[in-house]
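Each remark here refers to the structure printed beneath this line.
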Amino acid sequence: MARIFALRSVLRLAWRDMCRHRARTTFSTLLIALPMMALIVGATLMTGAPPMRERALRSIPEGAQAVITATAVKRDGNPFEQPPEGASIWMDEITQQPASEDELKRIVPSSDKLLPYWDSEQLIAATATGLQPGQVESAKNSSIGGTLAQSGTGTARLCEAGAEALGMLLPKLSEGTVPSNADEIVVTSGLASRIGADIGDTITLIAPPFQGSYSTNGRIAAVIQNSQRAWRISGIVADDAISKAWARDGWMSGMVARDGGAGVDRHYLVVGDKPITWRQVKKMNLLQTVAVSRHVLTDGYPNASERYPSRIDSQALLQYAVGFIVAVAMGVALVLCLVTPAFSISVDQSRRTMGLASACGAGPRDVRNMFGLQGVCSGFAGGVIGMLAGIGGIYVMAPSVIHVDVHEIPQVIPWGLLPLVVMTSTLIGAFATWMPARRAGRMNVVDALRDRPDGLERERYAGKGAGKIALISGPMLMLAACGCAVASMRVKVSDVSSPGVLPEGSGTSLVLLVAAIVLAMIGLSRLVKGLIVIYGAVGRSLPLSIRTGLRDSAEHHRRFVPATIAVVLTTALASYAMVLIGSTLANDRSMELVHGQSHVILSAEVPVNDDTDRMVVADGIRKLGDTASFKDHQPIYALAQPDAESTMNLTGKAYDDIYAQYPTVKALLATELHCEVNERQQYGQDMASAFDPNGAPYCVNWSKSYEAVGYTGLSMINMDPSVIIMSADAMRMTGFPNAEQAARTLEEGGVVVGNAAALREDGTVTLQVSHRTLDDDGNSGSEHVVRQSVRKATWMKGFYPLAMSERTARELGIVNLRYVGDIAALDHVHGWSAIERLRKATSDMPLVSMTSQRYQYEWATDADGAKITLAPIVALGLLALTATVVSLLLSRTQTIRDMTTMHAVGASPGFLRRLGLVQAMTILLPGVPLGMIAGLALGCYHIAWYRRIGIDGAWLETVPCWQLQIALAITVIAAGSLSAWLVTSPPRNLTRRTID
């Protein structure tokens, strides 16, 4: 009972101290709340995904029990492992018949019925074709070209279904009526405006020649190619964002029936009174059928044991573990170093009060509890405020970052994390006050009443000894951290492991990673402590204001060391974010070829044939001439390839004869590379050797190999985009540093390579011309080598794997080329504004596609992207400023007494202001440079881990973004100095001491 009464007194004293020092309490609470808010918002934006269950539910039309897609995936006895929300992508076999309607009827309830519908790929929509509603004709290439040459054309996708299914699939009409017969159609307002049509007008949809691209509709584009049909518009759906149409079945469904339907995915609505259960869905999965059921998504959602197991990539899991360790270490250290100074000052502020309490009978435990309870209350309050602010931040940022609607936001908020955040903040508050509370409990009563440092404290920090020890131990600990970091990168980690399990050897590496970060943080704190403690000894010959400020920092090191470490960590965090953002964008650049600043590539959005595509591009260049001035434009080509439709039924010699007409060519590596053949893992040439002429190629995981790069702007399938056919003038337009040299090489009959490992010392490469063959079992066999040729070559970093002139291609026996588009040079080399205008103008031209350089800055793709990428950097920079200002404000509450004394003995306001600036500089000058160095080191270390793991690229470059780094350092020091000048100005009423 006595302890309870004593605790009541302690609580009363703690509450009185918190209320009396409202500024300190407010700052400490906010310093806990801000990181907690950032944690909640960051966790949501990085791991939050759109609510797939709700979106899947919305994909089921009102009145339907389920939506079924019978895929053309090959049946091998294994089920199609889909989540309850459905599947987004799969690989169809063009010769596989999907599950029939009869097979599906044996699984769905007998009282339910299946209503089929069909979805098309991209079609050409036009109004002036001369066809009458209901009229169907063959669409020859010449007629398509004539249609595209006229105004009133665009692109659209068609949904075709029977009357009952169409009524369910159609969105609400804004005007007009639902199609009453097969000759009527409903379109979106976006499509109607693009082609200049209205209700009652005739619209023609044209299926262009098949280009070899398959999707989740299977072979539908190949089946309906070169066909066109006309309808009368009966209604319009208010949707300007998409170009889509809905009509009665008959056109696509009729052609699929005549074709036989192999490889064409079938879509059905399940309508009836009985729901589709998860057990029935899994039975359909055995038929390679995907089903999204209303009952499964609402009342019958399967538990984890009933769902198919998730296959988590082990390398991705390792990358997540590294990021999690770094984030947790930085977050905990940041909060502790932001909050601890507030309570360290609290101990100094309340020394005489605690001395009086101890003299009146309060024991060391009571004094400790008085400060510990303040930390618990501040931590809890900070957690609650941070939680509420985090939810508000999610509502502000989630719609634009993770693309969710406002009504979906409650489903992406990590509700389970919120109580954990409050609990963590409470523990952080308690832990942050543990050292100050412990020091308060051991305080000497007489020294406290006389308001002077403890005798033990004076002895411990007398002279330069303690500073020297800290200065020596800090770098030694940091060297140990570097050793752990190097060792963590040297430990061998397996490339192959079971899904969802960390690769073998990664456990040791992660332990060394944790040790490196912890030792580095302790070393930094010891180094800062040594610098500040030694201030008083090194400033004896300096002017009085500087000497006094340095001595005050040394004597009150428990206040200045945590504040300086807070500046170090916040600055390091901002610097680290810059390295991470710059390196991520550099990695994206290395994974996308062709990115010069002075040109754009214009191509046809819906390819038809060479002549038609040239006409579309030429018309686009003519129309875009009003938006940007082009100096010149030149065509570029790629090697033509037969599409799968023309070869799927061929065998033996017939297959070989077709592909012999479409040979491919590649530049062989100067040093032959033999990679391991492994059923579980594919290997290829490392990317570093392709970008470094002095590098030796070696075998790496396929995901980070040079063969995995993408070919920006070349989306057609029936061509080989790894070989570009272009003129010397077109090469000069690319804007690459050595474009002129590459152009002369093309003129001399040589080639341009993007793979540095293919270039020999004498400046030549070996070209191998080959074509595909079938083996005796009817499977794709080895490449049949036709010829080899040695050519002069120029290496161009970041370019396509191989480029040559048309004359050189014909000399190699390559005669079948496919027109890609035109490369158009802008008048101004740095025409970013012109490119932005072109991109906006091209979006209003549905038949023309534009590809251009997207990476305008080291830290952002363009001006709009900079708003997103710079946001965390700006936020962390503001956090560094906030930490500095708050530390100065807290220090000011303690220095008022000293200023009063100095003012009483004749110190001028200017002297007091200079003293405050010196105290601020003792925090800023060591804190900002050390923070920059620490952030750069951590960023480089993190990128080294990414490079080692190899997820999402090879991470060849570490980009610090030096301009932003320098701007950060200057801004923090300048703004901190300005803040110090403002907040450290002497008060007007320095007449009495009111601190106790």
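The values are calculated or read from the model by the stated rules, or taken from the named source; none is laboratory data. All figures in this text were calculated on a predicted structure; none of them were measured in a lab. With ideal geometry, Cβ positions are generated from the backbone for all residues, glycine too; neighbour counts draw on all protein chains shown.
Results, tabulated for the structure shown:
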| item | result |
| --- | --- |
| Subset of the stretch 87-113 [surrounded by 20 or more Cβ atoms within 10 Å (Cβ to Cβ) and either of a type in the set (Phe, Trp, Tyr) or more than 24 Å from Gln225 (Cα to Cα) (or both)] | Leu104, Val108 |
| Meets criteria (modelled with pLDDT of 90 or more and aliphatic (A, V, I, L, M)) for Leu317 | no |
| Residue match in the stretch 925-942 (condition: β-branched (Val, Ile, Thr), within 30 Å of Tyr706 (Cα to Cα) and surrounded by 19 or more Cβ atoms within 10 Å (Cβ to Cβ)) | no |
| Extreme residue, modelled with the lowest pLDDT, among residues of the stretch 27-68 that are under 29 Å from the mean Cα position of the chain (by Cα) and β-branched (Val, Ile, Thr) | Thr47 |
| Test: residue in the stretch 249-271 that is among the polar types (S, T, N, Q) and in a loop (DSSP other than H, G, I, E, B) | no |
| Evaluation of Arg24 against (1) modelled with pLDDT under 85; (2) surrounded by 18 or more Cβ atoms within 10 Å (Cβ to Cβ); (3) touching an Asp or Glu at 6+ places or on another chain (Cβ under 6 Å) (one fails), failing number | (3) |
| Any hit, the stretch 89-100, residues being outside any loop (DSSP other than H, G, I, E, B), under 24 Å from Ala257 (Cβ atoms) and not assigned by TED's automatic domain parsing to the domain that holds Glu645 | no |
| Residues (assigned to a helix (DSSP H, G or I) and more than 34 Å from the chain's Cα centre (by Cα)) located in the stretch 734-762 | Glu740, Gln741, Ala742, Ala743, Arg744, Thr745, Leu746, Glu747 |
| Residue check for Val367: touching a Gly at 6+ places or on another chain (Cβ under 6 Å), assigned to a helix (DSSP H, G or I) and at pLDDT 80 or above | no |
| Count of residues meeting criterion [over 30 Å from Thr842 (Cβ atoms) and not in a loop (DSSP other than H, G, I, E, B)] in the stretch 176-204 | 2 |
| Pair list, Cβ < 6 Å and 6+ apart or interchain, from the stretch 287-306 residues that are farther than 18 Å from Ser59 by Cα to residues that are of a type in the set (Gly, Ala, Ser) | Leu287/Ala99 |
| Only listed residue being surrounded by 17 or more Cβ atoms within 10 Å (Cβ to Cβ), touching a residue at least 12 places away in the same chain (Cβ under 8 Å) and farther than 25 Å from Ala64 by Cα, chosen from Ile220, Ile236, Ile224 | Ile224 |
| Matching residues, the stretch 740-773, being over 18 Å from Gln634 (Cβ atoms) and surrounded by 24 or more Cβ atoms within 10 Å (Cβ to Cβ) | Val753, Asn755, Ala757, Ala758, Val765 |
| Conditions (1) at pLDDT 90 or above; (2) part of a strand (DSSP E or B): number failed by Gly134 | (2) |
| Subset of the stretch 114-129 [in a strand (DSSP E or B) and either touching a Gly at 6+ places or on another chain (Cβ under 8 Å) or of a type outside the set (Phe, Trp, Tyr) (or both)] | Leu114, Leu115, Pro116, Tyr117, Asp119, Leu123, Ile124, Ala125, Ala126 |
| Residue tally, condition farther than 15 Å from Gln65 by Cα and β-branched (Val, Ile, Thr), over the stretch 255-290 | 3 |
| Residues within the stretch 288-335 that are surrounded by fewer than 20 Cβ atoms within 10 Å (Cβ to Cβ) and in a loop (DSSP other than H, G, I, E, B), tallied | 16 |
| Which listed residue is more than 27 Å from the chain's Cα centre (by Cα), within 23 Å of Leu550 (Cβ to Cβ) and modelled with pLDDT under 85, from Ile428, Ile469 | Ile469 |
| Some residue of the stretch 785-793 being in contact with a Ser or Thr (Cβ under 9 Å, 6 or more places away or on another chain), part of a loop (DSSP other than H, G, I, E, B) and closer than 30 Å to Gly652 by Cα | no |
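Listed here are the residues, each with its yes/no results for (1) in contact (Cβ under 8 Å) with a residue 24 or more places away in the chain; (2) surrounded by fewer than 20 Cβ atoms within 10 Å (Cβ to Cβ).
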residue: Phe371; (1), (2): yes, no
residue: Ser378; (1), (2): yes, no
residue: Gly383; (1), (2): yes, no
residue: Tyr395; (1), (2): no, yes
residue: Ala398; (1), (2): yes, no
residue: Ile402; (1), (2): yes, yes
residue: Glu408; (1), (2): yes, yes
